[in-house]
Amino acid sequence: MDHPEPITADLLIKNSWVVTMDAQRRIYRNGALAIAGDRIVAVGPSDVVEQAVVAREVIDGTDRFVVTPGFVNCHVHITGEPITRGSVPDDADWRTNVFDWLIPAYLAQSVQDEQVSATLAALEMLRTGTTCFVEAGTILNLDAVVETLASTGIRGRVGQWVQDRAYAPDQDQATLTREAVATIEAELMRHPTAGEPLLAAWPCLVGHDTATDDLWREATALAREHGAGVTAHMSADPADPEYYLATTGRRAIAHLGDIGVLGPQLSLTHAIHLDEEEVAALADSGTNITHCPMTAMKGAYGATAVGRFPEMAAAGVNLQLGTDGNNNGNAADLMRAMFVTAGLFKDSRRDASLFSAYSVLEMGTINGAKGAGLGASIGSLEPGKKADFVLHDRNRPEWRPLLNVVNQLVYSADGRGVHSVWVNGRRVIDHYRSTLIDEEKLYHAVEVAGAGLLARVKQTTPSLWPVL
């Protein structure tokens, strides 16, 4: 009887809990994962995989590791905010936060600030289990940021922050739109999605009321032509639907549907102030929605009071998660966002059936991968997919005893328990430390850059208590 040829692998992780997130959502209590190059080549019960695989390196996870797919953060500001983390007053409302704090810092940063900020953001994401992200938008120099990110090993979809609406009488609308479209065209050519690169460009619209219909249409057409997505902020505040009602007679999402830009290529962030028609339009079009629960709470956006996230989930909208910006103190730890998401609407609606740990873990993995346009490559642990995965350390109090691994991931654990991370088959976090980033050097650079940026915009970090 012929015996099948063994699978040659670079790495075998055995005797571990493996949460696959595959179509059957299989969880192996004593499972194994094997990778060769940048791909997963085997997943299953440890004894079965061990018999089928010959590996150059073996990690025995007995009573030590839980293996999950890498998390996907679908909205994060990697420049402008991480190096001024926590500086915004705790009582700042949405408008104060954006116009008095965020925008001045965005405009005053240097290219070097952006590079330091992007490196810090990538490190925080990787060390807390996020292997792929969708950027909210680089402000100054996308090429410099891409070069910096490439040195961290993270996977991402990035872009220049683009808007075109003329707000001043002396601004030429046609010129503004032409320049914005040219920016998108150029970045899509310089950083294409073809060939499964770690980093590629998307049109990153500021959103809200900052883009004309022409820019929306052009960005959408270019994204579809280049196999990219479009990301934008929308309806975080009632000002967005009010603007569109006043100027078009339709609410924001309904108007985007009217001009033909909703669809699976689009990821809208926040989407809190919606009505029933808009929820239906999102579901019918396949548009992705990124919920940023920590920002909604910190900024008093009204997500729990008026947000229709349970209705969107029930309608089949692809809900994904983001951590948004760090300027208001948020962490880029997607596991914290999962915990918050699992609880917010249970409490506000007094309905414990809403957003189970299982559905929230889907939002942080396979839903995010789909929204990032990478559903065929990442988001689950399956043979043929990219080797993006995380080892969670069970030798920590929050992981003992381990009875229900999904509940444990969402309600008990957080990113501080991430032991090791692989992206594209490369180990980028090992024993809690980056294998590619000089962390001590980075932390020093961050302290200098953050203080310098705040000084340039004449902002001082407020404190209700004396800091001596």
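The values are calculated or read from the model by the stated rules, or taken from the named source; none is laboratory data. These numbers come from a predicted model, not from an experiment. Positions of Cβ are backbone-derived with ideal geometry, glycine not excepted, and every protein chain shown enters the neighbour counts. All accessible areas refer to the heavy atoms of the entire protein, side chains included, with ligands and DNA or RNA removed. Shrake-Rupley method; radii C 1.70, N 1.55, O 1.52, S 1.80 Å.
Overview of values
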read-out: Pairs where the first residue, in the range 19-39, is more than 14 Å from residue 64 (Cα to Cα) and the second is open to solvent by 10 Å² or more (accessible area, probe 1.4 Å) and polar (S, T, N, Q), C-beta under 7 Å, 6+ apart; value: 36/8; 38/424
read-out: Which listed residue is under 30 Å from residue 153 (Cα atoms) and touching a Pro at 6+ places or on another chain (Cβ under 6 Å), from 223, 201, 228, 232; value: 223
read-out: Members of the range 129-156 found to be open to solvent by 10 Å² or more (accessible area, probe 1.4 Å) and farther than 19 Å from residue 103 by Cα, listed by number; value: 143, 144, 146, 147, 148, 150, 151
read-out: Residues of the range 399-432 classified as open to solvent by 20 Å² or more (accessible area, probe 1.4 Å), without any contact (Cβ under 8 Å) to a residue 40 or more places away in the chain and closer than 22 Å to residue 123 by Cα, total; value: 3
read-out: Selection within the range 311-323 - outside any loop (DSSP other than H, G, I, E, B), touching a residue at least 12 places away in the same chain (Cβ under 8 Å) and more than 24 Å from residue 412 (Cβ to Cβ); value: 311, 312, 315, 318
read-out: Qualifying position, being in a loop (DSSP other than H, G, I, E, B), polar (S, T, N, Q) and crowded, with 21+ Cβ neighbours inside 10 Å, among 79, 68; value: 79
read-out: Every residue from the range 82-104 that is farther than 21 Å from residue 464 by Cβ and crowded, with 24+ Cβ neighbours inside 10 Å; value: 82, 83
read-out: Residue within the range 445-459 that is open to solvent by 70 Å² or more (accessible area, probe 1.4 Å) and within 23 Å of the chain's Cα centre (by Cα) present; value: no
read-out: Residue that is open to solvent by 50 Å² or more (accessible area, probe 1.4 Å), without any contact (Cβ under 8 Å) to a residue 24 or more places away in the chain and of a type in the set (D, E, K, R), where the choices are 336, 349, 308, 396; value: 396
read-out: For residue 184: the one exception among (1) surrounded by 20 or more Cβ atoms within 10 Å (Cβ to Cβ); (2) over 26 Å from the mean Cα position of the chain (by Cα); value: (2)
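Residue-wise test of (1) under 27 Å from residue 409 (Cα atoms); (2) at pLDDT 95 or above; (3) among the hydrophobic types (A, V, I, L, M, F, W, C); (4) over 21 Å from the mean Cα position of the chain (by Cα).
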site	(1), (2), (3), (4)
95	no, no, no, yes
98	no, no, yes, no
104	no, no, no, yes
117	no, yes, no, no
130	yes, yes, no, no
138	no, no, no, no
147	no, yes, no, no
